[in-house]
Protein chains: 4
Amino acid sequence: MTTSVAILGASGYTGAELIRLIATHPDLRITALSGERKAGMAMAEVFPHLRHLNLPDLMKIEEIDFASVDLVFCALPHATSQAVIDKLPRDLKIVDLSADFRLRDPAAYEKWYGKPHAAVELQQEAVYGLTEFYRDEIRRARLVACTGCNAAAGQYALRPLIEAGLIDLDEIVIDLKAGVSGAGRALKENLLHAELSEGFHAYSAGGIHRHLGEFDQEFSKIAGRPVEVQFTPHLIPANRGILATVYVRGEARDIHATLAKAYADETFIEVLPFGEHPSTRHVRGSNFAHVGVVADRRQGRAMVIVAIDNLTKGSSGQALQNANLMLGIAEETGLMLAPCFP
Amino acid sequence: MTTSVAILGASGYTGAELIRLIATHPDLRITALSGERKAGMAMAEVFPHLRHLNLPDLMKIEEIDFASVDLVFCALPHATSQAVIDKLPRDLKIVDLSADFRLRDPAAYEKWYGKPHAAVELQQEAVYGLTEFYRDEIRRARLVACTGCNAAAGQYALRPLIEAGLIDLDEIVIDLKAGVSGAGRALKENLLHAELSEGFHAYSAGGIHRHLGEFDQEFSKIAGRPVEVQFTPHLIPANRGILATVYVRGEARDIHATLAKAYADETFIEVLPFGEHPSTRHVRGSNFAHVGVVADRRQGRAMVIVAIDNLTKGSSGQALQNANLMLGIAEETGLMLAPCFP
Amino acid sequence: MTTSVAILGASGYTGAELIRLIATHPDLRITALSGERKAGMAMAEVFPHLRHLNLPDLMKIEEIDFASVDLVFCALPHATSQAVIDKLPRDLKIVDLSADFRLRDPAAYEKWYGKPHAAVELQQEAVYGLTEFYRDEIRRARLVACTGCNAAAGQYALRPLIEAGLIDLDEIVIDLKAGVSGAGRALKENLLHAELSEGFHAYSAGGIHRHLGEFDQEFSKIAGRPVEVQFTPHLIPANRGILATVYVRGEARDIHATLAKAYADETFIEVLPFGEHPSTRHVRGSNFAHVGVVADRRQGRAMVIVAIDNLTKGSSGQALQNANLMLGIAEETGLMLAPCFP
Amino acid sequence: MTTSVAILGASGYTGAELIRLIATHPDLRITALSGERKAGMAMAEVFPHLRHLNLPDLMKIEEIDFASVDLVFCALPHATSQAVIDKLPRDLKIVDLSADFRLRDPAAYEKWYGKPHAAVELQQEAVYGLTEFYRDEIRRARLVACTGCNAAAGQYALRPLIEAGLIDLDEIVIDLKAGVSGAGRALKENLLHAELSEGFHAYSAGGIHRHLGEFDQEFSKIAGRPVEVQFTPHLIPANRGILATVYVRGEARDIHATLAKAYADETFIEVLPFGEHPSTRHVRGSNFAHVGVVADRRQGRAMVIVAIDNLTKGSSGQALQNANLMLGIAEETGLMLAPCFP
């Protein structure tokens, strides 16, 4: 029996990526797609690479009959998402890809996003969508908030280490490199090809990037005390990919062993042999994460390096993995596509 | 029941692309992989993006037990291929991705490849692998020679038009743009990133590119008289993709109608609405071909533009499509992956 | 003695390229820069790569004191340019980089640009800025209209051949590939890095690209009868560069000899040895044009291939070359920068 | 009066970059170019972008008449360089771009480069070529060893801070991102376009990159005690550019003020306003370095970010700057080219 899903915000990259993945999913059927500004357009016009699929045209959200939908993927912009989800039927399963329901604490939300949350009750209900660490909660959840793509990469490196008490919590540096699709399809001068290609730079350095809210929440919760990491994202001239180079204080061999053990049974997390460096190109277009551990020349210091595809494991792949869990479908269904290299 | 396949030349890009596609194919199991220079290595070392798959290590060809293999994909370099295939059991099904068995005429082979064919008998036996046009022969074939990637793109534009007598056979210009993966993984100075990126150029212009041998053979066969096209390939700084801009003399509307009709039942060939331009990015990583037709301002002239992924529809996807036919499996099995955009 | 120049539209790419070139010009001094939407901003904010230069802030055009300006480079958008230039002092030397004054015939202008010209008198006065062919007129001109970047590339291939009567005027195909900076700094979805990189496509095929107006005007003028070429531009994922692959009917050796002779004394036009292919990467960031001629396998057919940098020889370099002539400065001053490779 | 220079190793990228820069230098004349494997070839074949220059053909080193040469740029590979320079006349001025003479201590050389130095006496004589910090020694030097490109970027961030005692010497992390031209023109699989583009990764992490030898030597010398930094280089899919993101413990405002003061009179080092992020694209093709300082959210932590072009300020531009000093020419001669953006 196929399950009926709707995708809100299907004219953006995470919406398109969901469709790409669901295209070969045997149990899901896309019955509605929304796109406010492009409502009425065929998907072949909005995303010609999906031309071969038999998809519904884009419509406005209010035109969707949610009674016939089993699960909604909400790929709307931040802030819009909470307003829309607040109006959806309260028994509808929802996987939200925005930032709106990632933070549990209303004060933290307001601090990082600059205004009060408009659906505090739902904020409390939502489950954080980092699948490998919230699997049971996600299975039972009605509303799942997928993580930020950068936040996912950093947490794959650090959660098991904080949990195991292996590293100095005050000395964590996350130097992150991200491809451009993470910035979305918005019309911004700095996202033009001529501006972006053939160069690279840091942005939002110094503790102002919003994904820090997720790091703070999750790491502090695991540690049982406040943890603040140092985090610098960089924009790299490639479409897909996040590489988190995480500098920690701890014994590299122990760190490697702990991560290898933590992810031993995980389908999508591959811990590389000790000393090897992962690359974003080797996870491109896939739901896999590659994790490497390298010892520094100075005793007691190590680098944990994580590579994911921001649109897949960092967003839409993660969303589908969560949806599978929520729907009682085998978790990896539709997600075993091998990375697309070269 | 799964079918056992071997891939010879699995350390190159077309070999890796075959593995990527077969990874989600329900009926095929890879039981042997060869790679002469890298024999003994694990595929995770050779192609880290395939790390999650449970694959055999690379071995030398002579180490493979072909008795337990149902079909061989041969992704070896030109010239090597004919020597190797000549020694394989004569009842083994073979899909060859090299240029060695594309040309039927020994003289034509020698003209384009500079020396006599070493397995003329097999050359006669082989079936040309352009699936949509040789489907019945491929089903019955033991040895199928997949087309050149450029040759595939050009033929999708032109075969139905020549067949229908719609265009002037002496006035065909194929201006072709190709991404770099088509040149393979060979160590050549002009394939280095620093040499290639941020620039573009024509190469092998003037009638010396070997894929002309295929054009000549096929177009002349359809037309029933010699046909020689003008063909200029260009190297473009992108990994995947071929765009063939084909200039023809004929009525654009008739051309569009003829192509639309010719491909109406084809799963993988999408003819765009009249006047639309296809793009390689919208077929990337997929087995789809997008075909556009645009009228020139001067009556009786038109452009047919074809976009494919050189590694997929132009090579390994085509190979798998042919293998499916040869094995009695539904033709599109393992090939319905949506293009990976952005 | 230094000459005072102003650049109108200094917040776009051609404006920035002019500044880059003038930065090492010994005789010119930039005394005013305009940028309507960014008026008041420092150039270091608008173009951080020009940070080291001592430049005036952007201002509005009406704030510029043209009495102290010897020559104006007008790098404004099409249509805006004619309105602005119409109001400038009639004794001011002007090099216009827009399309507004390229066409002499008001009817042709209206045909290609969709509305009547607003300064027909100036349209008559303007001199076409293809330096090598209008040198004397440019020296005497007050208003010079730089050519379209695509139009420049095509004309370098064809003008001497049409002049010499060497080719069939009815059988000219210009297949052109262009980098993305030619599209400017406008916020358009199809110019985003994630949309554009790793793919390529034709656009405005079939005789609707506006640079055809220039081809028609110039080629018909030389030939003394109407000439209409077939022209398909393609967008390539690289920042700079135009490659025009021009298919002609004529004897390749004669064509090569004619081009070699025509450009023998030209500083910026390099005709390659017969049979060699030029590449855009070898002219990047420079005012040089590389011209190659290749014979087709069929007698009487040839390809002429021209590579230029669209922002330099195709626009701002050409503009500076023209300004030098208009000011009585040695033509190549400030323009001898070698291409930036890799 | 022009000075005669020779370039040894002119078939590599740093050799070509030297020629590009010298092309507009009024006082230098290139009288000999060497390239062992390509001896006898014209530069137009080896580097077509230099076609317009009147350059000598490549020859073998032993064919060069050094009596008529005033200064030699040695752009040979590591290890080769010391053997060659050891045989050159001892009164010849030499700017070496290799790693051979960067380290003063023979033991350090052997540690980082794996074998004993073959010209220890010259190793002692050589002056370290980081112009801004060794200006007086360079003026008087006969043999100058240009710095590693990564080492230059890191030192621009850190030297004034270590000198001023502003940062914790045991807590320095240099996360460095580098474009691909720094790896040279060698035929390596991982440098192919198809391998490299559209992905990014760390390499030589953990304290094994050879540029650490320079960091150790220089920082320890300034500090007067051993200093070991943590250093992870990453390979980014762009041709040119190095971005060093340096994590330090110290007061960000003090750090900014100290750097601004240290570089106030330097032509090529631009310290950005506090809190701004530099980008490699804004120094591309130029000898400029952009330095930014950002405060972390946690008091007492800061990021210093440096952008240079690895081939220019990181190598050949630095080399020319040093040569100017050695020859008594104004330091910035031939180096004021503005960055090439976009």
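How many residues, within the range C:169-187, are more than 19 Å from C:Y247 (Cβ to Cβ), within 7 Å of another protein chain (Cβ to nearest Cβ) and at pLDDT 95 or above?
So the count comes out to 2.
For the range A:267-303: of the residues being part of a loop (DSSP other than H, G, I, E, B) and among the small types (G, A, S), which is farthest from the other protein chains (Cβ to nearest Cβ)?
Taking the candidates together, the pick is A:G300.
Only residues that are of a type in the set (S, T, N, Q) and in contact with a helix residue (DSSP H, G or I) (Cβ under 7 Å, 6 or more places away or on another chain): list them for the range B:287-342, please.
Selection gives B:N287, B:N310, B:T312, B:S315, B:S316, B:Q318, B:Q321, B:N322, B:T333.
Of the residues C:A79, C:A6, which single one is farther than 27 Å from D:H277 by Cβ, without any contact (Cβ under 8 Å) to a residue 60 or more places away in the chain, out of contact with any Gly (no Cβ under 9 Å at 6 or more places or on another chain) and among the small types (G, A, S)?
C:A79
For the range A:208-227, does any single residue satisfy the condition of being facing chain D (nearest Cβ under 9 Å), closer than 26 Å to C:F47 by Cα, at pLDDT below 95 and surrounded by fewer than 21 Cβ atoms within 10 Å (Cβ to Cβ)? Before you say what the answer is, go through the steps one by one.
From the range A:208-227, those facing chain D (nearest Cβ under 9 Å) are A:208, A:212; that's our starting set.
If we keep only those that are closer than 26 Å to C:F47 by Cα too, we end up with A:208.
The next check asks that each one be at pLDDT below 95; those that pass are A:208.
Among the residues that remain, those that are also surrounded by fewer than 21 Cβ atoms within 10 Å (Cβ to Cβ) are: A:208.
Within the range A:208-227 (the criterion being facing chain D (nearest Cβ under 9 Å), closer than 26 Å to C:F47 by Cα, at pLDDT below 95 and surrounded by fewer than 21 Cβ atoms within 10 Å (Cβ to Cβ)), the answer is yes, since at least one residue qualifies.
Of the numbered conditions (1) on the phi > 0 side of the Ramachandran plot; (2) crowded, with 23+ Cβ neighbours inside 10 Å, C:A99 fails exactly one; give the number of that condition.
Tallying (1) on the phi > 0 side of the Ramachandran plot; (2) crowded, with 23+ Cβ neighbours inside 10 Å, C:A99 fails exactly one: (1).
Looking at this structure, is B:R140 farther than 28 Å from B:R37 by Cα and at pLDDT 95 or above?
Here the answer is yes, as B:R140 does meet what is asked.
In the list B:L53, B:L76, which residue meets the criterion of being under 28 Å from A:R284 (Cα atoms), within 14 Å of chain A (Cβ to nearest Cβ) and part of a loop (DSSP other than H, G, I, E, B)?
Of B:L53, B:L76, the one residue that is under 28 Å from A:R284 (Cα atoms), within 14 Å of chain A (Cβ to nearest Cβ) and part of a loop (DSSP other than H, G, I, E, B) is B:L53.
Of the residues that sit in the range B:240-266 and are in contact with a Leu (Cβ under 7 Å, 6 or more places away or on another chain) and more than 9 Å from chain C (Cβ to nearest Cβ), which one is farthest from B:G334 (Cα to Cα)?
Going through the qualifying residues, I end up with B:G250.
Would you confirm, using the coordinates I've provided, whether B:V5 is under 22 Å from the mean Cα position of the chain (by Cα) and modelled with pLDDT of 95 or more?
yes
Here is a list: B:A153, B:A145. Which entry is within 14 Å of chain C (Cβ to nearest Cβ) and crowded, with 24+ Cβ neighbours inside 10 Å?
The conditions single out B:A153.
Please specify each residue of the range A:126-157 satisfying the condition of being charged (D, E, K, R) and not in a helix (DSSP H, G or I). Can you show your working first?
Quick first cut of the range A:126-157, residues charged (D, E, K, R) only: A:132, A:135-137, A:139-140, A:142.
Within the range A:126-157, A:R142 is the sole residue that qualifies.
Looking only at the range C:262-281, count how many residues are over 14 Å from C:V304 (Cα atoms) and without any contact (Cβ under 8 Å) to a residue 24 or more places away in the chain.
2
Kindly evaluate C:V69 against the criterion of being among the hydrophobic types (A, V, I, L, M, F, W, C), surrounded by fewer than 23 Cβ atoms within 10 Å (Cβ to Cβ) and touching a residue at least 40 places away in the same chain (Cβ under 8 Å).
For C:V69, the condition - among the hydrophobic types (A, V, I, L, M, F, W, C), surrounded by fewer than 23 Cβ atoms within 10 Å (Cβ to Cβ) and touching a residue at least 40 places away in the same chain (Cβ under 8 Å) - is met.
I'm told D:D86 meets every condition in (1) at pLDDT below 95; (2) of a type in the set (D, E); (3) under 22 Å from the mean Cα position of the chain (by Cα) except one. Can you identify the failing condition by its number?
(1)
Against the conditions (1) within 14 Å of another protein chain (Cβ to nearest Cβ); (2) out of contact with any helix residue (DSSP H, G or I) (no Cβ under 9 Å at 6 or more places or on another chain), where does C:M43 fall short? Just the number, please.
All conditions are met except number (2).
What's the number of the only condition in (1) out of contact with any strand residue (DSSP E or B) (no Cβ under 7 Å at 6 or more places or on another chain); (2) in the same structural domain as C:E251 (by TED's automatic domain parsing) that C:E121 fails to meet?
(2)
Residues of the range D:228-239 being more than 7 Å from every other protein chain (Cβ to nearest Cβ), within 28 Å of D:P342 (Cα to Cα) and crowded, with 23+ Cβ neighbours inside 10 Å, which ones?
D:L235
Do you know which residues across the range A:97-126 are under 28 Å from A:G206 (Cα atoms) and charged (D, E, K, R)?
Result: A:D100, A:R102, A:R104, A:D105, A:E110, A:K111, A:K115.
Residues are listed down the side, and each one gets a yes or a no for (1) among the aliphatic types (A, V, I, L, M); (2) outside any loop (DSSP other than H, G, I, E, B); (3) over 18 Å from the mean Cα position of the chain (by Cα):
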| position | (1), (2), (3) |
| --- | --- |
| D:L169 | yes, no, yes |
| D:N190 | no, yes, yes |
| D:H209 | no, no, no |
| D:G213 | no, yes, no |
| D:R240 | no, no, no |
| D:I255 | yes, yes, yes |
| D:L259 | yes, yes, yes |
| D:D265 | no, no, yes |
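Within the range A:8-37, how many residues are among the basic types (K, R) and modelled with pLDDT of 95 or more?
Final tally of qualifying residues: 2.
Any idea how many residues of the range D:255-281 are surrounded by fewer than 22 Cβ atoms within 10 Å (Cβ to Cβ) and either basic (K, R) or in contact with a Cys (Cβ under 7 Å, 6 or more places away or on another chain) (or both)?
1
Go through the range C:321-342 and report how many residues are of a type in the set (A, V, I, L, M, F, W, C) and within 18 Å of the chain's Cα centre (by Cα).
Residues meeting the conditions: 6.
I'm checking my understanding of the structure. Among residues of the range A:193-205 that are out of contact with any His (no Cβ under 7 Å at 6 or more places or on another chain) and not in a loop (DSSP other than H, G, I, E, B), which one is nearest to C:A178 (Cα to Cα)?
A:A194
Considering only residues of the range D:106-120 that are part of a helix (DSSP H, G or I) and of a type outside the set (D, E), which is surrounded by the fewest Cβ atoms within 10 Å (Cβ to Cβ)?
Restricting to residues being part of a helix (DSSP H, G or I) and of a type outside the set (D, E), the top hit is D:A107.
Table: residues versus (1) crowded, with 21+ Cβ neighbours inside 10 Å; (2) of a type in the set (S, T, Y); (3) not in a loop (DSSP other than H, G, I, E, B).
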| residue | (1), (2), (3) |
| --- | --- |
| C:A6 | yes, no, yes |
| C:T14 | yes, yes, yes |
| C:E17 | yes, no, yes |
| C:H25 | no, no, no |
| C:L33 | yes, no, yes |
| C:K38 | no, no, no |
| C:E45 | no, no, yes |
| C:E62 | no, no, yes |
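The values are calculated or read from the model by the stated rules, or taken from the named source; none is laboratory data. What you see is a predicted model; the values in this text were computed from it and never measured. Glycine also receives a Cβ, built like all others from the backbone with ideal geometry; neighbour counts cover every protein chain displayed.
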